[in-house]
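I have placed the structure first, in the form of structure tokens, so that the comments after it can refer back to it.
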């Protein structure tokens, strides 16, 4: 996994006498893009990286740090996944407890990024559950023509599907972590 070291761009910009505004103007990139790249919030696109390296007289290889899989805190990722698995019955805890663990234990940026992907997955699953519960009257109306559909346990069914999906994802991710693979199930890159 490759990541950009944002401190080097900031350092090179300052050495060349550029302000963030001047670098944005000279490169044709937006000021916000420069700020996000320097803070490490985004990975620059290849074009942006080329423009910045040309202006700052750097080689792209100087800015990219290859992370070794040995630097990933695998026990912490396994623990996060296990906590998510344990807290599947209390959905909001599956967000808060892993978030707290990442903030408290992870000094490694790669591990923190992978942990945020796990938490983002939980966030998407919880939003899907909440949306399904909010749309219950509409779905009931579409299926039966009435708002209430008898004694059908819609909430229990959607929650059971949520639990099963969450358990399946957690088990598959545990398998990937056991093999020390950083490719695991996520629905979106990272929402955090």
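The values are calculated or read from the model by the stated rules, or taken from the named source; none is laboratory data. Since the model is a prediction, treat every value here as computed from it, not as a measurement. A quick note on method: Cβ atoms are made from the backbone with ideal geometry, for glycine too, and the neighbour counts reach across all protein chains shown.
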May I ask you to say which residue of 110, 65 is modelled with pLDDT under 80, more than 30 Å from residue 159 (Cα to Cα), in contact with a strand residue (DSSP E or B) (Cβ under 8 Å, 6 or more places away or on another chain) and assigned to a helix (DSSP H, G or I)?
110
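Kindly evaluate residue 78 against the criterion of being out of contact with any strand residue (DSSP E or B) (no Cβ under 7 Å at 6 or more places or on another chain), in a helix (DSSP H, G or I), modelled with pLDDT of 80 or more and under 21 Å from residue 176 (Cα atoms).
Working: out of contact with any strand residue (DSSP E or B) (no Cβ under 7 Å at 6 or more places or on another chain): yes; in a helix (DSSP H, G or I): yes; modelled with pLDDT of 80 or more: yes; under 21 Å from residue 176 (Cα atoms): yes.
The answer is yes for residue 78.
Among 164, 135, which is the only one that is out of contact with any strand residue (DSSP E or B) (no Cβ under 8 Å at 6 or more places or on another chain), modelled with pLDDT of 80 or more and either surrounded by 16 or more Cβ atoms within 10 Å (Cβ to Cβ) or closer than 21 Å to residue 97 by Cβ (or both)? Steps first, answer last, please.
Working: 135 fails: either surrounded by 16 or more Cβ atoms within 10 Å (Cβ to Cβ) or closer than 21 Å to residue 97 by Cβ (or both).
Every option except 164 fails the conditions.
Name the one entry in 94, 30, 71 that is surrounded by fewer than 17 Cβ atoms within 10 Å (Cβ to Cβ), at pLDDT below 85 and touching a helix residue (DSSP H, G or I) at 6+ places or on another chain (Cβ under 9 Å). Give the steps one after another, and end with the answer.
Values: 94 fails: surrounded by fewer than 17 Cβ atoms within 10 Å (Cβ to Cβ); 30 fails: at pLDDT below 85.
Unique residue meeting the criteria: 71.
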Among residues of the stretch 14-27 being crowded, with 17+ Cβ neighbours inside 10 Å and closer than 17 Å to residue 57 by Cβ, the residue farthest from the chain's Cα centre (by Cα) is 18
Unmet criterion (only one of (1) at pLDDT below 75; (2) within 12 Å of the chain's Cα centre (by Cα); (3) over 18 Å from residue 77 (Cβ atoms)) for residue 155
(2)
